[in-house]
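Chemist: Here it is: the structure, laid out below.
The values are calculated or read from the model by the stated rules, or taken from the named source; none is laboratory data. Quick caveat: nothing in here was measured; it's all calculated off a predicted structure. Neighbour counts run over all protein chains shown; Cβ positions are idealised from the backbone, glycine included.
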Amino acid sequence: MDNNDLINISKTIRYWILKSTSEAGSGHPTSSLSAVELMSALMFSENFKYDVKNPKNINNDRLIFSKGHASPLFYALWAAAKGIEYKELMTLRKLDSRLEGHPTLKFPFTEAPTGSLGQGLSIGIGLALNAKYLDKNNYKTYVLLGDGELEEGQIWEAANIAAKYKLNNLIAIVDVNRLEQVGETIDEWNLETISKKFKAFGWNTIVLNDGHNLEEINKAYQYANTELNQPTIIIAKTIKGKGFSLWENQLDWHSKTLSIDQLSSALNELGEVDVNLTFSLNIPNWSSQSFEPSVASLPDKLIFNPSEKYSTKKVYGQSLNLLKKHNSNIVALDAGVKNSTSALDFQKANPESYFEMYIAEQNMVSIAAGLSRMSKIPFVSTFGAFFSRAYDQIRMASQFNANIKLVGSYSGVSIGMDGQSQMALEDIAMMRSLQNSVVLYPSDAYSMKAAMQLAKDYDGLVYIRASRPETDMIYSENESFEIGGFKIFDSELPFQFTVIAAGITLHEALKAQRLLKMQNIGIQVIDLYSLKPINFEKLKSAIKSSNIIMVEDHFPEGGLGEAVMSGLMNQNYKFIHLAVRNQPMSGKPEELLKYEEIDAEAIIKNIPINYY
């Protein structure tokens, strides 16, 4: 395509940005207009390869708009590429439209939902890691960034790891238009300052002093696609609102659209436009290689000694190795604690399928989301407490039901002497609140192994809560588990109380059951290993008493107790909720369980003898 063609298609795209946002009465046209030439030169030159008729073609180049608010540009580009008809652009932001305010997977050319700034580069790294190290594919990943989102710390986590893995198939583009929502960006138009930052992380940098000069932009892409040994970033000075003089480089127009008269003026400035102009994209002519990881010789079964104690977090790596033997798409990521989470066991046996993410949990979760888009099944491990700093990234991944599995170790006060900063006490609430998520809380080695299998088989986001203390075996090798299920431990004696627990407190509940039996007192114990979903109809049928004690190693808000009560309210039950209510501190696990009144002794104290 020659330069005149690029000029004409850029005008067409600019026209539809103005028209669609004006029709919607909302959107971010000024942020879209600044990057028109940057994206037109990418897609409609020889650099970008994509089969528009088959968006799922694994050989397609990838394009992510990390600055997702520039969606009017994103949609117009795909209309210009014959992916959709131009008339669909007029449905922007309308109910049931595929063209939402920020890109979602409703739109077939979206790689991942964006809009929460700072995450797109990490998602792009997941795609690039897959191409370079797993599928051995030649596709390139392009990520459009806004200069404002460079203020997000996750961007620099991503910059760090992309250079570490020498992702020369990753090309980022920064639209440096100087203005964000309420003022100037930190670096404004100091392109060299931005360049020096990325160079310091080990990136190739290309600085464009005119991000609207199509010839210079095209040269930048050509250079970025040469045989470089590191990721590349194009840093381009642009004008926010480019193409309409009222808007150009002016504050207070972010997320504002044009009146009828203003639209007429803007279109007059734009001049003659072929509003139906389209061009075909270049189709990829390469193919991927099948991924054949070398897996260490491992046993086909995991057998645990019923007389020994195991921590569920220790079983993680062993269980993942077993799953890997039967599914080559499994990969693992960890954030600098692999010896504690037991991800180290997986790395040793499957080095080609393990990616160390270092101490950067936000980046890790978004990279996992990117990997999941390429049919990989990422298992992501760190301390449960540290997933809280990546909650936004998990939230965004859940919006497209990313097939990622999060395994949080060191949960609850039962971790012991490390103290409250290391104790996951909010994690169940956090993960339960996500749409379509599954939350599992195994209590012993075999239930942990089963939880891992359930997580692998579920298509979507799963959180497994793992415990640090070594505990007795409860289940046998042949015990079956299911998402939404629970286990019942009835008493041989008549009982008036049902204790519902999971994980570490299940052991305390069973201990209480044994101690009370010595006094000829019975209680029913239920292991609610599936905290979300819960089959409440079956649970109501299983509970054979009107008094329910819920005990959990978690804050009372949003945990097991509230999960149970949400489905059993107005059922004539009397509830007692034992949870972590005192200020957690360092101490031995048994001391802390006693201090928080969530141990066997506390359960027994809440069962009045006069009931029997």
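Chemist: Can you tell me which residue among VAL207, VAL182 is of a type in the set (A, V, I, L, M) and at pLDDT 95 or above?
Modeler: Matching residue, one of VAL207, VAL182: VAL207.
Chemist: Need at least 3 residues that are hydroxyl-bearing (Ser, Thr, Tyr) per element, so show me which helices (runs of 4 or more DSSP H) inside the range 1-56 make the cut, counting only ones lying wholly within it.
Modeler: Passing ranges, in order: 3-24, 29-33.
Chemist: Go through the residues of the range 395-410 one by one and say whether even a single one is part of a strand (DSSP E or B), in contact with a Lys or Arg (Cβ under 6 Å, 6 or more places away or on another chain) and not polar (S, T, N, Q).
Modeler: yes
Chemist: Could you list, ordered by first residue, the pairs with Cβ atoms under 9 Å in which the first is in the range 240-256 and closer than 16 Å to LYS67 by Cα and modelled with pLDDT under 95 and the second is surrounded by fewer than 22 Cβ atoms within 10 Å (Cβ to Cβ) and of a type in the set (A, V, I, L, M, F, W, C), at least 6 apart or interchain?
Modeler: From residues that are closer than 16 Å to LYS67 by Cα and modelled with pLDDT under 95, the pairs are HIS254/VAL182.
Chemist: If you don't mind, there's one more thing I want to ask. Of ILE607, ILE526, which residue is at pLDDT below 95 and surrounded by 13 or more Cβ atoms within 10 Å (Cβ to Cβ)?
Modeler: Exactly one residue qualifies, and that residue is ILE607.
Chemist: Taking only pairs six or more apart or across chains, which ones have beta-carbon atoms under 7 Å, a first residue in the range 516-539 that is in the same structural domain as ALA563 (by TED's automatic domain parsing), and a second residue that is at pLDDT below 95 and in a strand (DSSP E or B)?
Modeler: From residues that are in the same structural domain as ALA563 (by TED's automatic domain parsing), the pairs are GLY522/PHE495; ILE523/PHE495; GLN524/PHE495.
Chemist: Name the single residue that is nearest to ILE239 (Cα to Cα) among those in the range 1-55 being touching a residue at least 12 places away in the same chain (Cβ under 8 Å) and basic (Lys, Arg).
Modeler: ARG14
Chemist: Quick check on ASP392: is it closer than 30 Å to VAL564 by Cα, among the charged types (D, E, K, R) and either in contact with a strand residue (DSSP E or B) (Cβ under 8 Å, 6 or more places away or on another chain) or modelled with pLDDT under 95 (or both)?
Modeler: No: the conditions fail for ASP392.
Chemist: Can you tell me which residues in the range 426-445 are part of a helix (DSSP H, G or I) and either free of Cβ contacts under 8 Å to residues at least 60 places away in the same chain or not β-branched (Val, Ile, Thr) (or both)?
Modeler: Hits for the range 426-445 are ASP427, ALA429, MET430, MET431, ARG432, ALA445.
Chemist: Something else: Taking the range 188-236, which residues are within 31 Å of the chain's Cα centre (by Cα) and of a type in the set (Lys, Arg)?
Modeler: LYS196, LYS197, LYS199
Conditions (1) among the aromatic types (Phe, Trp, Tyr); (2) farther than 19 Å from ALA220 by Cβ; (3) out of contact with any Gly (no Cβ under 6 Å at 6 or more places or on another chain); (4) assigned by TED's automatic domain parsing to the domain that holds ILE235, marked per residue:
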| site | (1), (2), (3), (4) |
| --- | --- |
| LYS19 | no, yes, yes, yes |
| ALA24 | no, yes, yes, yes |
| SER34 | no, no, yes, yes |
| MET39 | no, no, yes, yes |
| ASP61 | no, no, yes, yes |
| PRO72 | no, yes, no, yes |
| ILE84 | no, yes, yes, yes |
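Chemist: On to the next question. Can you name every residue in the range 99-149 that is charged (D, E, K, R) and touching a residue at least 12 places away in the same chain (Cβ under 8 Å)?
Modeler: GLU100, GLU111, LYS132, ASP135, LYS136, LYS140, ASP147, GLU149
Chemist: What's the number of the condition ILE7 fails, among (1) in contact with a helix residue (DSSP H, G or I) (Cβ under 7 Å, 6 or more places away or on another chain); (2) among the β-branched types (Val, Ile, Thr); (3) buried (at least 19 other Cβ atoms within 10 Å of the Cβ)?
Modeler: Going through the list (1) in contact with a helix residue (DSSP H, G or I) (Cβ under 7 Å, 6 or more places away or on another chain); (2) among the β-branched types (Val, Ile, Thr); (3) buried (at least 19 other Cβ atoms within 10 Å of the Cβ), ILE7 breaks only (3).
Chemist: Scanning the range 558-577 for residues that are in contact (Cβ under 8 Å) with a residue 40 or more places away in the chain and in contact with an Asp or Glu (Cβ under 8 Å, 6 or more places away or on another chain), which turns out surrounded by the fewest Cβ atoms within 10 Å (Cβ to Cβ)?
Modeler: For the range 558-577, the residue satisfying everything is GLY558.
Chemist: Of the residues in the range 101-117, how many are under 21 Å from GLN362 (Cα atoms) and touching a Gly at 6+ places or on another chain (Cβ under 6 Å)?
Modeler: Of the residues in the range 101-117, 4 are under 21 Å from GLN362 (Cα atoms) and touching a Gly at 6+ places or on another chain (Cβ under 6 Å).
Chemist: If you don't mind, another one. Hey, among SER122, SER116, SER66, which residue is in contact with a strand residue (DSSP E or B) (Cβ under 6 Å, 6 or more places away or on another chain) and more than 26 Å from ASN8 (Cβ to Cβ)?
Modeler: None of the others qualify; the one that does is SER66.
Chemist: If I filter the range 287-330 down to residues being at pLDDT 90 or above and among the charged types (D, E, K, R), which single residue comes out as nearest to PHE379 (Cα to Cα)?
Modeler: LYS324
Chemist: Take the range 297-321 and flag every residue that is under 20 Å from GLY460 (Cα atoms) and not polar (S, T, N, Q).
Modeler: TYR316, LEU320
Chemist: I need a count of the residues in the range 114-138 that are surrounded by fewer than 24 Cβ atoms within 10 Å (Cβ to Cβ) and not hydrophobic (A, V, I, L, M, F, W, C).
Modeler: Qualifying residue count for the region: 8.
Chemist: Those residues that are part of a helix (DSSP H, G or I), under 13 Å from the mean Cα position of the chain (by Cα) and surrounded by 24 or more Cβ atoms within 10 Å (Cβ to Cβ), I need them from the range 363-389; list them, please.
Modeler: ASN363, MET364, VAL365, SER366, ILE367, ALA368, ALA369, GLY370, LEU371, SER372, PHE387 - these are the residues of the range 363-389 that are part of a helix (DSSP H, G or I), under 13 Å from the mean Cα position of the chain (by Cα) and surrounded by 24 or more Cβ atoms within 10 Å (Cβ to Cβ).
Chemist: With the structure loaded, tell me whether TYR133 is within 24 Å of the chain's Cα centre (by Cα), among the hydroxyl-bearing types (Ser, Thr, Tyr) and assigned to a helix (DSSP H, G or I) or whether it fails that test.
Modeler: Yes; evaluated as a whole, the condition is true for this residue.
Chemist: Would you please name the residue that is farthest from LYS242 (Cα to Cα), looking only at residues in the range 31-50 that are polar (S, T, N, Q) and either in contact with a Leu (Cβ under 6 Å, 6 or more places away or on another chain) or surrounded by 23 or more Cβ atoms within 10 Å (Cβ to Cβ) (or both)?
Modeler: For the range 31-50, the residue satisfying everything is SER40.
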